[in-house]
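Reading through the structure tokens given below for one structure.
The values are calculated or read from the model by the stated rules, or taken from the named source; none is laboratory data. Being a predicted model, the structure only gives us computed values, none of them experimental. Using ideal geometry, Cβ is built from the backbone for each residue, glycine included, and neighbour counts are taken over all protein chains shown.
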Amino acid sequence: MTHRPSTSIPFNWPYMTGQELGHISEAHRNGKLAGDGPYTKKCHHWIESHTNTLKALLTHSCTASLEMSALLLDLGVGDEVIMPSYTFVSTANAFALRGVTPVFVDIRGDTLNIDETKITAAITPKTKAIIPVHYGGVACEMDAIIKIAENHNLSVVEDAAQGVMASYKGKSLGSIGDLGAYSFHETKNLISGEGGALLVNNPEMIERAEIIREKGTDRKKFSEGIVDKYTWQELGSSYLPGEIIAAFLWAQMLEAKKITSKRIQLWQTYHSAFIDAENEGLLRRPIVPAECLHNGHMYYILLPRRFDRSKVIKELGENSVNAIFHYIPLHQSPAGRKFCKISGSMKVTDDISGRILRLPCWAGLEDEVNYVVETTIKVLSKFK
Ligand SMILES: *Cc1c(COP(=O)(O)O)cnc(C)c1O
């Protein structure tokens, strides 16, 4: 048995490249602290060149990017958007804020992503968009989703909060639908504390995206000298981060490949180490379809139904391993009941959300991952 670490292993630990402060002090020297300065531009170009998206815009969060999407698609009271219930609150909240009704569809048992075969049944004359969430950086079945959207004249907004540096059939997540939303929150792969980006893949939406992000004004055209004054053009808000945040994020982007490959290696270590445990019926490992290249964002296991998850978490904690679970499905939440609708059964969502267990997975865990594996197997064996 690998020796027990001197301190408890956190569920998440933000990875720092060591270059963040250097770039922040450069931003400080530049004397340009509001948004859309040199660091923001570097980040925009990085996203555009790495994902092949037409236009990337930094935002202060993925939540903000999703809110911008609802504004961009002109959605409002009486409209519906289709999404999984097994997701973070922002996916639904961003649309509910505009008076739109999120309609939940069940997830697939393999990837835990929206079940694309159940989407068509959820479409009504009110439906305006589909919001696939790429869980754990593993892509949804995008070919099928895009086809449904085209057949019914719907927009597609990818919640790619967890999907930076991951792809589907060679296409970067976030670059496939009309719009894509990234998160650079501390718990994600590339971080800036709080932070996000909106990827605009539909050329007709670029100009309005820039206006909505700048408080609904045409300030961008003004700063480029295209117009001689800027004014309120339409509904918008302040969705851009300041330069200090962009400078931090730039340091992370420069090491994006390294950070991602560290995470993938860790993920792979878990995955290989749990083969026997899966065969013995102690757990089920994640399933990644061949067309999906994931980014090691998350390692989770599914416990057998008869195991008491809170006891497992408690025992792991007593052995210095901090494991957690999420999400409380949105259709079970108080706000979800109030603002959202369900289409069909939520059987898989209810089942999976009760059995999932997320293990620590962060760049830097390399020395302790074997301890986490051994401890997890030891604890689970007791529940057999
Ligand atoms: C993290 C996350 C968000 C929210 O990201 P923020 O940048 O914190 O706003 C939205 N959707 C999903 C699926 C997430 O994992």
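Comparison of 312, 288 shows that the only residue that is among the aliphatic types (A, V, I, L, M) and not in a loop (DSSP other than H, G, I, E, B) is 312.
Among the residues making up the stretch 36-72, those that are in a loop (DSSP other than H, G, I, E, B) and either away from the ligand (no atom under 16 Å from the Cβ) or at pLDDT below 95 (or both) are 36, 37, 52, 53, 54.
If you go through the stretch 124-161 and keep only what is part of a loop (DSSP other than H, G, I, E, B) and among the small types (Gly, Ala, Ser), you end up with 139, 160, 161. Applying the condition of being closer than 14 Å to residue 68 by Cα and of a type outside the set (Val, Ile, Thr) to the stretch 156-174 and asking which residue is nearest to the ligand (Cβ to nearest atom) yields 159. Just so you know, in the stretch 190-217 the residues that are without any contact (Cβ under 8 Å) to a residue 40 or more places away in the chain and among the β-branched types (Val, Ile, Thr) include one that is farthest from residue 239 (Cα to Cα), and it is 217. Taking the conditions (1) of a type in the set (A, V, I, L, M); (2) within 16 Å of the ligand (Cβ to nearest atom); (3) not in a strand (DSSP E or B) in turn, residue 235 satisfies each one other than (2). Please count how many residues of the stretch 73-112 are of a type in the set (Val, Ile, Thr), closer than 21 Å to residue 141 by Cα and away from the ligand (no atom under 16 Å from the Cβ). Here the count works out to 1.
Yes/no matrix, rows are residues, columns are (1) more than 21 Å from residue 78 (Cα to Cα); (2) within 16 Å of the ligand (Cβ to nearest atom); (3) at pLDDT below 95; (4) in contact with a Phe, Trp or Tyr (Cβ under 8 Å, 6 or more places away or on another chain):
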| position | (1), (2), (3), (4) |
| --- | --- |
| 115 | yes, no, no, no |
| 124 | no, no, no, no |
| 132 | no, yes, no, no |
| 153 | no, no, no, no |
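Among the residues of this structure, residue 177 counts as one that is buried (at least 20 other Cβ atoms within 10 Å of the Cβ), over 13 Å from the mean Cα position of the chain (by Cα), within 16 Å of the ligand (Cβ to nearest atom) and not aliphatic (A, V, I, L, M).
Would you mention how many residues in the stretch 192-205 are within 14 Å of the chain's Cα centre (by Cα), in a loop (DSSP other than H, G, I, E, B) and more than 10 Å from the ligand (Cβ to nearest atom)? Final tally of qualifying residues: 0.
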